[in-house]
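Here's the structure we're looking at; comments come further down.
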Amino acid sequence: MTKGNSRSEPIITSAESNQFKLYRRYPVAIESGSGSVVVDADGREYIDALSGIAVNSVGHCHPAVVKAIQEQAERLIHVSNFYYSEPQSRLGALLAEMSGYDRVFFCNSGAEALEAAVKMGRKNGNLKGKGGGLVALENCFHGRTIGTISLGKEKYRASFEPMPPDIERVEPNNVEALEKVVNDGTGAVIMEPIQGEGGVKPLDRGYLEAARKICDRHNVLLVFDEVQCGIARTGHLFAWMYYGVKPDVVCSAKALGGGFPIGAVLATEEAASILDYGEHGTTYGGNPLACAAALANMEVIRDEKLCDAAAEKGEYLMKTLRDRTAGLEYVLEVRGIGLMVGVELTFKGGPVVKRMMSKGVLANCASETVMRLVPPLVISREEIDTVVDVMLSSMKEEYAATQEKNSA
């Protein structure tokens, strides 16, 4: 289709003319989606191996989620947390049952969930009378608010100094480093059990076990950011279940709402009781529409056994990738858990993403050199095979182009 006849062009032009220049977007306007496939405004189909950055785990526009949103929108969209609503009550009960946690706080995003956890950690330290220091891991990403970027990578903090004080950052998987900085004055240790933006890097089981013991010794909250790796992606409802290490607090969002914005903090009774009436809250958090969508989404995950699907398909995807990249000098490692997979390259992966898109597959690059695959959990094996074929051919082409450029 020629540029002049493109339906995508006016959509892109309008957005570029009036929206903040914050996203380096690809020149594609997505119009519809079903399952693992999306369609742009010009009618071209793509297998979505990014799934809205690990959001559309039950697939695009799952009929049960669509129906729940439609029916709830006809009854009640918003009422605020001055009152109770049935969707919120039912979702809270289901999450508590499925997760084994005692209390749930609903918000609107992963960053908001982490903000709540930060406040819990600060107050926990203050209640001990020794300050509210926090410990985070290097190479992590917890959101884009001031509170969450203060925990994360320097590149996200650089333009917004000064950051909140009393935050230590330590090397992942280094138990000795963690022991040195955690003390009786620490309020919380916050970490991603699988670093997503950091390059799809699972933490070691032994490290998480040690972190649990260190936090217990000093009465420190252990907080897992499962915004990306949670809600069935690892083959378990939460990644902590894969590791067998239960934190005091779990932060969730992304795949929780089936595409509808919602976040949640799950906590033990003791951890939840740190915050008192009026010390935290939200206007939109847990509104009936978001909770109805999330409730339907969670029921799909349970009833369609998508935890099992993630484990099975993730094993197939990683084995296929490892078998087919064995011996390739430009592939350093294939790693991940379940359907959260990273392929680390010796060169920058951004151009590979563009090549894949031109061949009908949407993917992503994290930390410059790691191809990140987080497809819908309903993706078929045939679609996985296509994703792998397209990724391998695109990597090969880009590597050859890079070698040619370097030798010129």
Nearby lysines by direct alpha-carbon distance to residue 305 (threshold 30 angstrom, same-chain neighbours under 8 apart not counted): 67, 201, 246, 254, 313, 319
Sparse-neighbourhood loop sites, chymotrypsin sites (Phe, Trp or Tyr not before Pro) in the range 45-133 - DSSP loop, at most 13 other Cβ within 10 angstrom: 82, 83, 84
Write down the radius of gyration of the range 270-331 and its Dmax, each obtained from C-alpha positions, in Å. 20.9, 59
Most fluctuating residue of 73, 264, 15 in a GNM of the chain with Cα springs under 10 Å: which is it? 15
1/(1 + (r/R0)^6) with r = Cβ-Cβ of residue 71 and residue 39, R0 = 30 Å, i.e. FRET efficiency to nearest 0.05, evaluates to 0.75
Once fully extended, how much extra length lies between residue 316 and residue 302, figured as 0.36 nm per residue of separation less the alpha-carbon to alpha-carbon distance? 2.9 nm
Solvent-accessible area per residue for the chain at a 1.4 Å probe radius, Å²? 46
Mean-square fluctuation check for the chain, GNM, Cα pairs under 10 Å: which of 259, 278, 143 is largest? 278
Obtain the nm distance between the two label points defined at residue 175 and residue 128 by a simple spin-label model: each point lies 7 Å from its Cα along the Cα-to-C-beta direction. 2.0
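Stokes-Einstein at 10 °C, 1.306 mPa s, Kirkwood radius from Cα pairs: D for the range 33-185 in µm² s⁻¹?
Taking Rh from Cα pairs, D becomes 82 µm²/s.
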222 nm mean residue ellipticity, helices alone, for the chain (DSSP H n ≥ 4; -39,500 (n - 2.57); rounded to 500): -12500 deg cm²/dmol
On the protein heavy atoms, probe 1.4 angstrom, tell me the percent of accessible surface of the chain carried by carbon and sulfur. 51
Under 16 Å between alpha carbons, and skipping anything fewer than 8 positions from residue 130 in its own chain: which lysines qualify? 119
Among 326, 290, 366, which one shows the biggest mean-square fluctuation in a GNM of the chain, springs joining Cα atoms closer than 10 Å? 326
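How far, in nm, would the chain grow between residue 24 and residue 218 when pulled straight, counting 0.36 nm per residue and subtracting the alpha carbon separation?
Value of the extension gain: 65.5 nm.
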Can you give the Kirkwood hydrodynamic radius of the chain from its Cα pairs, in Å with one decimal? 22.2
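Of 145, 283, 320, which has the most accessible area with a 1.4 Å probe, and how do the rest follow in descending order?
Accessible-area ranking of 145, 283, 320, largest first: 283, 145, 320.
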Considering only protein heavy atoms, with the full assembly of protein chains and a 1.4 angstrom probe, order 150, 109 by accessible area, largest first. 109, 150
How much FRET efficiency would the formula 1/(1 + (r/R0)^6) give for residue 354 and residue 78, where r is the Cβ-Cβ distance and R0 is 56 Å, rounded to 0.05? 0.90
Residue-wise, which Karplus ³J(HN,Hα) couplings in Hz belong to the range 286-292, taking 6.51 cos²θ - 1.76 cosθ + 1.60, θ = phi - 60°, and x for glycine or proline? x, 5, x, 5, 5, 5, 5
Equivalent ellipsoid semi-axes, the range 153-289, via Cα gyration tensor eigenvalues times 5, rooted, Å: 24, 19, 18
Give me the percent of Cα-Cα pairs in the range 283-408 that sit more than 17 Å apart, rounded to a whole number. 62
Could I have the simple spin-label model distance between residue 380 and residue 86, label points 7 Å from Cα toward Cβ, reported in nm to one decimal? 3.7
Two-decimal Rg/Rh across the range 1-104, once Rg and the Kirkwood Rh are taken from alpha-carbon atoms: 1.09
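The values are calculated or read from the model by the stated rules, or taken from the named source; none is laboratory data. Keep in mind it's a predicted model, so treat the numbers as computed, not measured. Methodologically, a virtual Cβ is constructed for each residue, glycine included, from the backbone with ideal geometry; neighbour enumeration extends over all protein chains shown. These area figures cover heavy atoms from the full protein model, side chains too; ligands, DNA and RNA do not enter into them. Shrake-Rupley method; radii C 1.70, N 1.55, O 1.52, S 1.80 Å.
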